[in-house]
1. On the basis of being of a type in the set (D, E, K, R), in the same structural domain as ASP193 (by the TED database) and assigned to a strand (DSSP E or B), does ARG244 make the cut?
2. Just need a number here: residues in the stretch 253-293 that are of a type in the set (S, T, N, Q) and not in a strand (DSSP E or B).
3. Please go through (1) closer than 22 Å to LEU238 by Cα; (2) in contact with a strand residue (DSSP E or B) (Cβ under 6 Å, 6 or more places away or on another chain); (3) of a type outside the set (A, V, I, L, M, F, W, C); (4) open to solvent by 60 Å² or more (accessible area, probe 1.4 Å) for ASN123 and return the number of the only condition it doesn't satisfy.
4. Scanning for something of a type in the set (Val, Ile, Thr), farther than 15 Å from ALA222 by Cβ, assigned to a strand (DSSP E or B) and open to solvent by 10 Å² or more (accessible area, probe 1.4 Å), does the stretch 173-185 turn up at least one residue?
5. Looking at the stretch 29-49, is at least one residue touching a residue at least 40 places away in the same chain (Cβ under 8 Å), farther than 23 Å from ARG104 by Cβ and more than 22 Å from the chain's Cα centre (by Cα)?
6. Of all residues in the stretch 218-232, how many are surrounded by 16 or more Cβ atoms within 10 Å (Cβ to Cβ) and assigned to a loop (DSSP other than H, G, I, E, B)?
7. Which residues, counting only those in the stretch 249-265, are more than 15 Å from SER230 (Cβ to Cβ) and open to solvent by 10 Å² or more (accessible area, probe 1.4 Å)?
Amino acid sequence: MPDKAAVPKVWTVLSMLDWATAYFEGKGINQPRLSIEWLLADTLGCKRLDLYLQFDRLLHTKELSALKPALLRRAAHEPLQYITGKTDFYGLEMKVGPDVLIPRPETEQLVELICNDISDRQNLRVLDIGTGSGCIAIALKTERPDFSLAAADISERALAIAMKNAATHDCEIDFFRHDLFQPRLPDDRTSFDVIVSNPPYIPLSEKQRIDAEVSKFEPAEALFHQDVRSVYGALGRLAQANLRAGGVLYVEIHEEMGEEISKAVAEHGFSVALKPDYAGKSRMLVCSQQSNS
């Protein structure tokens with residue numbers, strides 16, 4: 001084990017939980033008990049709650065050998081999701097790695113908002129811009145198999161992960177590479193009813209204030225941008241060029257930039273409504289095409 005102090009004489013589930021919690025606390029790890037629960041459950045192939053039903057279970061040499069590098073990675077503040085290579089999103093397991101952003105609960109709320117808004121509509125064409133792990137597109141396709149889903153990202157490595165996730169969940173999704181700053185999509189990928197995006201919305205100037213677990217390990221291009229307003233302006237142009245009449249653009253935003261981002265999208269012919277997350281923070285925009293009448 002990585003720390004020689006106060007090492008238990010016998011490694012059981014309970015002694016590992018207690019020792020690693022103290023070890024992570026000493027390293028300044030957020031939620032140290034949760035961290036070892038997550039890593040130990042992943043190593044043993046069980047649920048976290050199941051650990052508490054087998055406190056006296058002995059940990060075998062092979063299990064300890066598999067757990068040790070995970071402990072060291074977590075002690076270096078690497079996110080749990082990258083260590084285990086997976087996370088949950090909208091009730092679905094998603095493969096993740098350093099090439100894609102770890103999906104957040106706020107993005108689940110964006111999916112929920114879309115599903116509620118279009119619950120009575122059928123056979124829509126939906127485009128996810130900046131798909132990353134593919135979580136939004138896959139969740140929407142799982143909820144609404146009748147929808148036709150397309151998903152784009154500028155990163156080939158991200159697209160490779162997204163395609164694996166889609167295959168795992170048996171979702172037919174058209175993945176393709178695209179830069180959101182190019183409003184013109186390929187000719188065979190136009191005329192959508194819904195466009196959704198969780199773009200890089202944190203100003204680069206805030207990077208030093210972001211937790212190291214995020215800023216050091218997650219892909220900067222998926223998080224930060226020098227000019228956040230230009231990102232949403234680009235999304236507005238892309239949506240203006242590729243939405244059918246009556247189409248809607250849904251985007252996740254920085255909670256402190258709602259007014260500024262709303263103006264950037266509104267310049268492209270949209271009426272914009274700010275939507276709160278469950279914490280009451282303005283984290284989503286619903287952008288509807290304005291009537292010409």
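The values are calculated or read from the model by the stated rules, or taken from the named source; none is laboratory data. Treat the numbers as computed from the prediction; the structure is a model and nothing was measured. FYI the Cβ positions are ideal-geometry reconstructions off the backbone, even for glycines, and counts take in every protein chain you see. These accessible areas exclude ligands, DNA and RNA; they are computed on the full protein's heavy atoms, side chains included. Shrake-Rupley method; radii C 1.70, N 1.55, O 1.52, S 1.80 Å.
1. yes
2. Residues meeting the conditions: 5.
3. (2) is the only condition that ASN123 fails.
4. So far as the stretch 173-185 goes, yes, one or more of its residues are of a type in the set (Val, Ile, Thr), farther than 15 Å from ALA222 by Cβ, assigned to a strand (DSSP E or B) and open to solvent by 10 Å² or more (accessible area, probe 1.4 Å).
5. Checking the stretch 29-49: not a single residue is touching a residue at least 40 places away in the same chain (Cβ under 8 Å), farther than 23 Å from ARG104 by Cβ and more than 22 Å from the chain's Cα centre (by Cα).
6. The total comes to 2.
7. GLU255, GLU256, GLU259 - these are the residues of the stretch 249-265 that are more than 15 Å from SER230 (Cβ to Cβ) and open to solvent by 10 Å² or more (accessible area, probe 1.4 Å).
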